[in-house]
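Peer 1: Input: one structure, supplied below.
The values are calculated or read from the model by the stated rules, or taken from the named source; none is laboratory data. The structure presented is a predicted model; accordingly, all values stated were derived computationally and were not measured. No Cβ is skipped: glycine too gets one built from the backbone with ideal geometry, and neighbour counts run over all protein chains shown. To get the accessible areas, we keep the full protein, side chains included, count just its heavy atoms, and leave off ligands, DNA and RNA. Shrake-Rupley method; radii C 1.70, N 1.55, O 1.52, S 1.80 Å.
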Amino acid sequence: MTAVDSRAQGGFVGRPMKRKEDPRLITGRATYVDDIQPVGTLWMAFVRSPEAHARVTSIDTSAALAREDVVAVFTGDDLEGIAAPLPCAWVPPGVEVNAPEHWPLAKGHVAHVGDPVALVIGVDRYSVVDAAEDVVVEYEPLPVVVDPEEALKDEVLVHPGLGSNKVHEWSLGGGDLDAGFAAADVVIERRIVNHRVAGGAIEPRAVLAEERAGHITIWSSTQVPHFLRLFLSILLGLSEERIRVIAPEVGGGFGSKLQIYGEEILCAWAAQRVGRPVKWVETRSEAMMVTHHGRDQIATVRVGAKRDGTVTAFHAKILADFGAYLMLLTPAVPALGAFVMSGCYRFPAVQTDIVGVLTNKFSTDAIRGAGRPEATHMIEVAMDQLAHELGLDPLDVRRRNFIAADDFPHETALGIVYDSGNYQASLAKLLEHLDVAAFRAEQERLRGEGIHRGLGFSTYTEICGLAPSRVVGPGGFGLQTGLWESALVRVHLTGAVTVYTGTSPHGQGHETGFAQIVADRLGCDPEQVEVVHGDTAAGPQGLGTYGSRSLAVGGEAVAKATAKVVEKGKALVAHKLEASPDDIEVRDGRWIVRGSPEQGMTLAEVAGSAYIPEDIPEGMEPGLEETAFYDPNNFVFPFGAHAAIVDVDAETGKVKVVRYLAVDDCGPAINPLLIDGQVHGGIVHSIGQALYEQVIYDEIGQLVTGTFVDYALPTAAEIPSIETDRTETPSPVNSLGVKGIGEAGTIAASAAVANAVIDALRPLGVDYMDMPFTPMRVWNAIQEGQQ
Amino acid sequence: MIPAEFDYVAPDSLDAALRALAHGGEDAKALAGGHSLLPLMKMRLAVPTLLVDLRHVPGLRGAQRENGSWRIGALTRHADLQGRAELGIVGEATSLIADQQVRNRGTIGGSLAHGDPASDLPTILVAMEGTVSVRNSAASREIAAGDLFQDYMTTAIAADELITEVRVPALEDWGHAYEKFTRRAEDWAMVGVCALVRKGADGSCEDVRVAFTNMASTPIRATAVEHALRGQPLSSDAITGAAEQAAEGTDPPGDLNATPEYKRHLARVLTRRALSRAAGV
Ligand SMILES: Cc1cc2nc3c(=O)[nH]c(=O)nc-3n(C[C@H](O)[C@H](O)[C@H](O)COP(=O)(O)OP(=O)(O)OC[C@H]3O[C@@H](n4cnc5c(N)ncnc54)[C@H](O)[C@@H]3O)c2cc1C
């Protein structure tokens, strides 16, 4: 093995290494589900309801079945092999949840546009779509309700059999809220609408299933292959060891593939029925319609404070629009935000009250940040509104309420323990890059020229690294699962290394980051470390990638498994070199005896001795591989300070982000490039929500934003060059000191943009407005403000 | 997103293409850049039975100067025209169409034949008072811009006809500006305003043309603005006054991003901006 110069500089961890996965992705050599084509594969297409709410009075499949290219047509009446409806995995102890049954094919009743009523299987991708048009379905339309506040009145029922649209009530609070408001000099209240968004992954969903000799393999573009196997087992009544789920290359998820979709179940079920492989690849129009949406909350936020800006009470009442069915985590999403409703502040009393409601729209569920972007938006917009009400500087109000840097671990009024933080430091670092006084002078000058420029901040913390099982599991928060993670580290005879992780990356760069961690510890090059993921038949049971958990939970599991390998390797080297295991260290790519570096072995030599065990310590097993499961004792709480500068064209209402600065802290960087990638993407996602993206249904429940023309994802042309910096405050929770960073940008940014837009609009008489800041909405707000 | 079945031919001469179109009847469609037709087919909003691909038809690409005009072949791509100063407003407007990928494929003939009032080039043709040359297998004719666009995505071109060439006056001594208002850089215009201004020696407005994108079911001229400004001094007051008339007589359809009222407002603002830029004030 050749020496690598980086090691002289202290190892691979911390280096901005380019991603190992990029060459195959950039050159089109990656394998996605749609690239896999077993011999004899049939295609599946769905007949979907054009009505938002209807009774299905008849389905005539005869014309479709008469086609030569059609193999089978199934409807809701044919589902007897499917043992249970689609799952919702949140069963909060002691809370009543009014949940409709959700079958993968409608059984006589459809509740949203796109609800599948039949599926067609045929010989190619084109003919099944033609055949689906030949299935004649008669609908008897029922009244439709799309507005969650209307739905709460129960005048129109989304599921008549349920008796009510209200799903549940759930609260989380701490401290004395009444006393807090009583002690306040001012109380502000704002209605804050966080509109519905889509995940917008570039690869739509795709599923392929093949049954052979009683074993079934499912390839799915999913974030959670192990969960999918579990639910396939439960729903299809198949024993788990006969099911293999593979998530090959997955082209983005953003939470939208943290789901158990009816199409996945049906694809496997249909493959069993027809005895041939069956494939379904979602079209973009389907993705907009029936891949779960996110957000869609109406919050009433009340904040009580002293004249000096000290907050005495914070109360958020949230009405969450769940759409027509509860999917895997639907009702849990707003609750995730409640855990950090104290933000990075010392609020003595905080409470979140959530009401969930059904409407005739598609389901909401986790989209990047899942509840925490909504919470941060409420908190950070409210802090600005409060500062304005009190005539104080919004940064001073934040500083006055920040948890002190020496007060960590910090238990908030909610009983949540923040692991580590230094909010003052991240804000100070942000201000090293941004001269606020100079900005204000510039802002004044530009107003004279008719340009309305605004500056907004967002100082945030969030809760991630989902785990710990005892907190989030069945007896705690109520998720019907543990949330640990696993890893297997296998050193091969040649010293090459394969790492199996239970996380399931879909663009994050685990293959690089995890390899850096392993390479340093084993004394090899990350290029020699292959990270395998997304295959239930390879490596131990795992739980997938979401909730910014992969590094803080999965990466720590990798570190722990590697540590076991190192321990065994040291014992082996000590035996060979006649030294004590305690004196063996891995340095510069060699396993050496401390103090006498001329005595040493390479990883290949260590592995060779382990696999050709002619001379290993008494009682030691041959081989060199170890498995670890890791369940942390707490969440991790990344944090940071963001600033947005926007220009508003007051004549047209058009908003442009002209500068965006982000200082984030996710503990010591394993790979700063990966962090920047996640931060950039997260911020763009959130600027997207603030300025461009919105899922819109009309009053009869038709989806208006069914394409990427109407659902306006921002492009590079809309986004300024994002300026990033970091502070590094280690987490005491894991040995790496790391926190998640996949969602932080999304969680932070919408509030910074909103505050900036409002800052720009204040001279025009606009003190508050909701996202999205589209030209017409901003123009309308200005017209109203001028009256 | 999955088109219905269709037949496909790619003839290698204009005559063969015209014959194929005639043979294919009402449901045959020419295929140029495909960037308007293919999306419609994928959404099954268009279901042609035969596509006559023009990719191998020679001699229909490029822009040539002839006397006081430009002759632009129907298969000339937006990318062939974008940013070319000598083409005046055509060079400016083509660089604002969608993104580079679309400009690399989309053609001027396809854009005009498609007749989408949200597209940019129909407006430019109307403002320039250009013409298109069309042919079927028997004859050829010229259609003036004012007669070409009849209704929403409906033109005077018959099913068996192809545009072969677009002719626009060079308008060399005219100032020009195209103000395209979009949410994202790559979007279709919410409203677009094309202004062409000829300044007299005394600085007054000798002639002016203003046309709108997406303010009606076809591109339309803002005649009230033109009347108000023609013969006036090109001052910012006069321009602002004229631009106030921009929405007069318009009845734009509302859509997801803009109500009719907001579109009329945008038309006024953008007309002022376009005229100011075209007049250099
Ligand atoms: C994402 C996206 C964004 C876009 N944004 C814009 C925009 O901002 N502004 C804008 O103006 N356009 C925009 N377009 C449209 C683009 O410019 C199209 O390419 C163009 O309008 C049509 O040209 P085409 O060559 O692609 O035509 P095609 O799609 O091939 O054909 C369009 C129609 O014209 C007919 N046709 C084509 N050539 C001829 C001919 N020579 N004679 C007779 N009939 C013919 C076809 O039969 C068809 O009916 C956008 C397109 C996309 C996909």
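Peer 1: Residues A:A561, A:A628: which one is open to solvent by less than 20 Å² (accessible area, probe 1.4 Å), within 16 Å of A:V489 (Cα to Cα) and not in a helix (DSSP H, G or I)? Step through it out loud before you land on a result.
Peer 2: On the way: A:A561 fails: not in a helix (DSSP H, G or I).
The match here is A:A628.
Peer 1: In region A:715-725, is there at least one residue being closer than 25 Å to A:T283 by Cα and either more than 13 Å from chain B (Cβ to nearest Cβ) or part of a loop (DSSP other than H, G, I, E, B) (or both)?
Peer 2: Kept after step one, since they are closer than 25 Å to A:T283 by Cα, are these residues of region A:715-725: A:715-716.
Add one more test, that the residue is either more than 13 Å from chain B (Cβ to nearest Cβ) or part of a loop (DSSP other than H, G, I, E, B) (or both), and what stays is A:715.
Yes, that holds for at least one residue.
Peer 1: Restricting to region A:646-692, name every residue that is among the hydroxyl-bearing types (S, T, Y) and within 14 Å of chain B (Cβ to nearest Cβ). Full working, then the answer.
Peer 2: Start the filter on region A:646-692 by keeping residues that are among the hydroxyl-bearing types (S, T, Y), which leaves A:652, A:660, A:686, A:692.
Selection gives A:T652, A:Y692.
Peer 1: Still on this structure, I have one more. Looking at A:A99, A:A106, A:A83 in this structure, which one is outside the structural domain of A:V357 (by TED's automatic domain parsing), at pLDDT below 95 and either assigned to a loop (DSSP other than H, G, I, E, B) or surrounded by fewer than 18 Cβ atoms within 10 Å (Cβ to Cβ) (or both)? First the steps, then the outcome.
Peer 2: Numbers: A:A99 fails: at pLDDT below 95; A:A106 fails: at pLDDT below 95.
Within the list A:A99, A:A106, A:A83, the selection yields A:A83.
Peer 1: Condition first: open to solvent by less than 20 Å² (accessible area, probe 1.4 Å) and either within 7 Å of the ligand (Cβ to nearest atom) or touching a residue at least 60 places away in the same chain (Cβ under 8 Å) (or both). Now tell me which residues in region B:98-110 satisfy that.
Peer 2: If we filter region B:98-110 for residues that are open to solvent by less than 20 Å² (accessible area, probe 1.4 Å), which is where we start, we get B:106-109.
Of everything in region B:98-110, those that are open to solvent by less than 20 Å² (accessible area, probe 1.4 Å) and either within 7 Å of the ligand (Cβ to nearest atom) or touching a residue at least 60 places away in the same chain (Cβ under 8 Å) (or both) turn out to be B:G106, B:T107, B:G109.
Peer 1: Ok, one more. Of the residues that make up region A:698-712, is at least one in a helix (DSSP H, G or I) and either more than 14 Å from chain B (Cβ to nearest Cβ) or of a type in the set (S, T, N, Q) (or both)?
Peer 2: The first filter runs over region A:698-712 and keeps only residues in a helix (DSSP H, G or I), leaving none.
No, that holds for no residue.
Peer 1: While we're looking at this one, here's another question. Would you mind telling me which numbered condition in (1) open to solvent by less than 30 Å² (accessible area, probe 1.4 Å); (2) without any contact (Cβ under 8 Å) to a residue 40 or more places away in the chain; (3) of a type in the set (S, T, N, Q) B:T223 fails?
Peer 2: All conditions are met except number (1).
Peer 1: Does region A:188-201 contain at least one residue that is modelled with pLDDT of 95 or more, farther than 30 Å from A:I700 by Cβ, open to solvent by less than 30 Å² (accessible area, probe 1.4 Å) and not acidic (D, E)?
Peer 2: Taking region A:188-201 as the starting set, the residues that turn out to be modelled with pLDDT of 95 or more are A:188-201.
Restricting the remaining residues to those that are farther than 30 Å from A:I700 by Cβ gives A:188-190.
Next, only the ones that are open to solvent by less than 30 Å² (accessible area, probe 1.4 Å) stay: A:188.
From what's left, not acidic (D, E): A:188.
Yes, region A:188-201 contains a residue that is modelled with pLDDT of 95 or more, farther than 30 Å from A:I700 by Cβ, open to solvent by less than 30 Å² (accessible area, probe 1.4 Å) and not acidic (D, E).
Peer 1: Can you say whether A:G740 is under 29 Å from the mean Cα position of the chain (by Cα), more than 14 Å from chain B (Cβ to nearest Cβ), within 28 Å of A:F254 (Cα to Cα) and part of a loop (DSSP other than H, G, I, E, B), as far as the supplied structure shows?
Peer 2: Numbers: under 29 Å from the mean Cα position of the chain (by Cα): yes; more than 14 Å from chain B (Cβ to nearest Cβ): yes; within 28 Å of A:F254 (Cα to Cα): yes; part of a loop (DSSP other than H, G, I, E, B): yes.
In short, yes.
Peer 1: Restricting attention to region B:116-149, report how many residues are acidic (D, E), more than 7 Å from the ligand (Cβ to nearest atom) and either at pLDDT below 95 or assigned to a helix (DSSP H, G or I) (or both). Talk me through it step by step, then tell me what you get.
Peer 2: Within region B:116-149, the first condition is being acidic (D, E), and the residues that meet it are B:116, B:120, B:129, B:142, B:147.
Next, from what is left, pick out any that are more than 7 Å from the ligand (Cβ to nearest atom): B:129, B:142, B:147.
Add one more test, that the residue is either at pLDDT below 95 or assigned to a helix (DSSP H, G or I) (or both), and what stays is B:147.
Total satisfying the criteria: 1.
Peer 1: Hey, another quick one. Output yes when any residue across region A:16-28 is among the charged types (D, E, K, R), in the same structural domain as A:A131 (by TED's automatic domain parsing) and in contact (Cβ under 8 Å) with a residue 40 or more places away in the chain, and no when none is.
Peer 2: Going through region A:16-28, the residues among the charged types (D, E, K, R) turn out to be A:18-22, A:24.
Of the ones still in play, those that are also in the same structural domain as A:A131 (by TED's automatic domain parsing) are none.
Within region A:16-28 (the criterion being among the charged types (D, E, K, R), in the same structural domain as A:A131 (by TED's automatic domain parsing) and in contact (Cβ under 8 Å) with a residue 40 or more places away in the chain), the answer is no, since none of the residues qualifies.
Peer 1: Only one of these is open to solvent by 30 Å² or more (accessible area, probe 1.4 Å), assigned to a helix (DSSP H, G or I), in contact (Cβ under 8 Å) with a residue 24 or more places away in the chain and within 10 Å of the ligand (Cβ to nearest atom): B:A93, B:A113, B:A79. Name it. Give the derivation first.
Peer 2: Working: B:A93 fails: open to solvent by 30 Å² or more (accessible area, probe 1.4 Å); B:A79 fails: within 10 Å of the ligand (Cβ to nearest atom).
Among B:A93, B:A113, B:A79, only B:A113 is open to solvent by 30 Å² or more (accessible area, probe 1.4 Å), assigned to a helix (DSSP H, G or I), in contact (Cβ under 8 Å) with a residue 24 or more places away in the chain and within 10 Å of the ligand (Cβ to nearest atom).
Peer 1: For the structure I just gave you, tell me whether A:R399 is touching a Phe, Trp or Tyr at 6+ places or on another chain (Cβ under 9 Å) and surrounded by fewer than 21 Cβ atoms within 10 Å (Cβ to Cβ). Before the answer, list the steps.
Peer 2: Working: touching a Phe, Trp or Tyr at 6+ places or on another chain (Cβ under 9 Å): yes; surrounded by fewer than 21 Cβ atoms within 10 Å (Cβ to Cβ): yes.
For A:R399, the condition - touching a Phe, Trp or Tyr at 6+ places or on another chain (Cβ under 9 Å) and surrounded by fewer than 21 Cβ atoms within 10 Å (Cβ to Cβ) - is met.
Peer 1: Right, next: Answer with yes or no whether A:D321 is open to solvent by 10 Å² or more (accessible area, probe 1.4 Å) and either more than 22 Å from A:G473 (Cα to Cα) or touching a residue at least 24 places away in the same chain (Cβ under 8 Å) (or both). If you could, list the steps in order and put the result at the bottom.
Peer 2: Values: open to solvent by 10 Å² or more (accessible area, probe 1.4 Å): no; either more than 22 Å from A:G473 (Cα to Cα) or touching a residue at least 24 places away in the same chain (Cβ under 8 Å) (or both): yes.
Here the answer is no, as A:D321 does not meet what is asked.
Peer 1: Separate question: So, in region A:126-146, exactly how many residues are at the interface with chain B (Cβ under 9 Å from one of its Cβ atoms) and open to solvent by less than 40 Å² (accessible area, probe 1.4 Å)? Explain how you work it out, then say what you get.
Peer 2: At the first step, the residues of region A:126-146 found to be at the interface with chain B (Cβ under 9 Å from one of its Cβ atoms) are A:126-130, A:133.
When the remaining residues are screened for being open to solvent by less than 40 Å² (accessible area, probe 1.4 Å), the result is A:127-130.
The qualifying residues number 4.
Peer 1: For A:A8, indicate whether it is surrounded by fewer than 15 Cβ atoms within 10 Å (Cβ to Cβ), at pLDDT below 95 and among the small types (G, A, S).
Peer 2: Working: surrounded by fewer than 15 Cβ atoms within 10 Å (Cβ to Cβ): yes; at pLDDT below 95: yes; among the small types (G, A, S): yes.
So A:A8 passes the test.
Peer 1: Additional query: Looking at region A:292-329 only, could you name the residues that are within 21 Å of the chain's Cα centre (by Cα) and assigned to a loop (DSSP other than H, G, I, E, B)?
Peer 2: The answer is A:H292, A:Y325, A:L326, A:M327, A:L328, A:L329.
Peer 1: Please specify each residue of region B:33-59 satisfying the condition of being away from chain A (no Cβ under 14 Å) and open to solvent by less than 30 Å² (accessible area, probe 1.4 Å). Before you say what the answer is, go through the steps one by one.
Peer 2: First pass over region B:33-59, keeping only residues away from chain A (no Cβ under 14 Å): B:33-34, B:37, B:46, B:48, B:50-59.
If the condition is that a residue be away from chain A (no Cβ under 14 Å) and open to solvent by less than 30 Å² (accessible area, probe 1.4 Å), then B:G33, B:G34, B:L37, B:A46, B:P48, B:L50, B:L51, B:V52, B:D53, B:L54, B:V57 are the ones that fit.
Peer 1: Pick out the one residue from B:M43, B:M153 that is farther than 25 Å from B:W174 by Cα and modelled with pLDDT under 95.
Peer 2: Values: B:M153 fails: modelled with pLDDT under 95.
On inspection, the qualifying residue turns out to be B:M43.
Peer 1: A further question on this structure: I want to confirm something. Restricting to region B:239-254 and keeping residues that are surrounded by fewer than 19 Cβ atoms within 10 Å (Cβ to Cβ) and touching a residue at least 12 places away in the same chain (Cβ under 8 Å), which single residue is farthest from the other protein chains (Cβ to nearest Cβ)? Step through it out loud before you land on a result.
Peer 2: Looking only at region B:239-254, we keep the residues that are surrounded by fewer than 19 Cβ atoms within 10 Å (Cβ to Cβ), and these are B:240-241, B:244, B:248-251, B:253-254.
Then drop every residue that is not touching a residue at least 12 places away in the same chain (Cβ under 8 Å), which leaves B:240-241, B:244, B:248-251, B:253.
Working: B:T240: 12, B:G241: 16, B:E244: 13, B:E248: 19, B:G249: 22, B:T250: 17, B:D251: 18, B:P253: 14 Å.
Applying the filter and picking the extreme gives B:G249.
Peer 1: Is there any pair with a first residue in region A:495-524 that is in the same structural domain as A:Y611 (by TED's automatic domain parsing) and a second that is buried (at least 24 other Cβ atoms within 10 Å of the Cβ) and charged (D, E, K, R) whose Cβ atoms are under 7 Å apart and which are 6 or more apart or on different chains, and what are they?
Peer 2: A:G502/A:E485; A:T503/A:E485; A:H506/A:K257
Peer 1: If you don't mind, another one. What number of residues within region A:136-150 are part of a loop (DSSP other than H, G, I, E, B) and either free of Cβ contacts under 8 Å to residues at least 24 places away in the same chain or within 20 Å of A:H109 (Cβ to Cβ) (or both)?
Peer 2: Filtering region A:136-150 for residues part of a loop (DSSP other than H, G, I, E, B) gives A:142-147.
Of the ones still in play, those that are also either free of Cβ contacts under 8 Å to residues at least 24 places away in the same chain or within 20 Å of A:H109 (Cβ to Cβ) (or both) are A:142-146.
Adding up the residues that qualify gives 5.
Peer 1: On to the next question. Hey, can you tell me all the residues within region B:183-230 that are out of contact with any helix residue (DSSP H, G or I) (no Cβ under 9 Å at 6 or more places or on another chain), of a type outside the set (D, E) and within 14 Å of chain A (Cβ to nearest Cβ)?
Peer 2: none
Peer 1: Residue check, A:E133 against (1) outside any strand (DSSP E or B); (2) among the charged types (D, E, K, R); (3) under 33 Å from the mean Cα position of the chain (by Cα), all met but one. Which one?
Peer 2: So A:E133 meets the others, but not (3).
Peer 1: Is it the case that some residue within region B:242-251 is outside any loop (DSSP other than H, G, I, E, B) and within 21 Å of the chain's Cα centre (by Cα)? Working first, answer last.
Peer 2: Our first condition is that a residue be outside any loop (DSSP other than H, G, I, E, B); within region B:242-251, this holds for B:242-243.
With within 21 Å of the chain's Cα centre (by Cα) added as a condition, the list becomes none.
No, because not a single residue in region B:242-251 is outside any loop (DSSP other than H, G, I, E, B) and within 21 Å of the chain's Cα centre (by Cα).
Peer 1: Also, I was wondering about something else. Step by step: first the residues of region A:763-780, then only those that are free of Cβ contacts under 8 Å to residues at least 24 places away in the same chain and not β-branched (V, I, T), then the one that is farthest from the other protein chains (Cβ to nearest Cβ). Which residue is that?
Peer 2: Initial filter on region A:763-780 (free of Cβ contacts under 8 Å to residues at least 24 places away in the same chain): A:765-766, A:769.
Those left that are additionally not β-branched (V, I, T): A:765, A:769.
Working: A:G765: 17, A:M769: 16 Å.
Going through the qualifying residues, I end up with A:G765.
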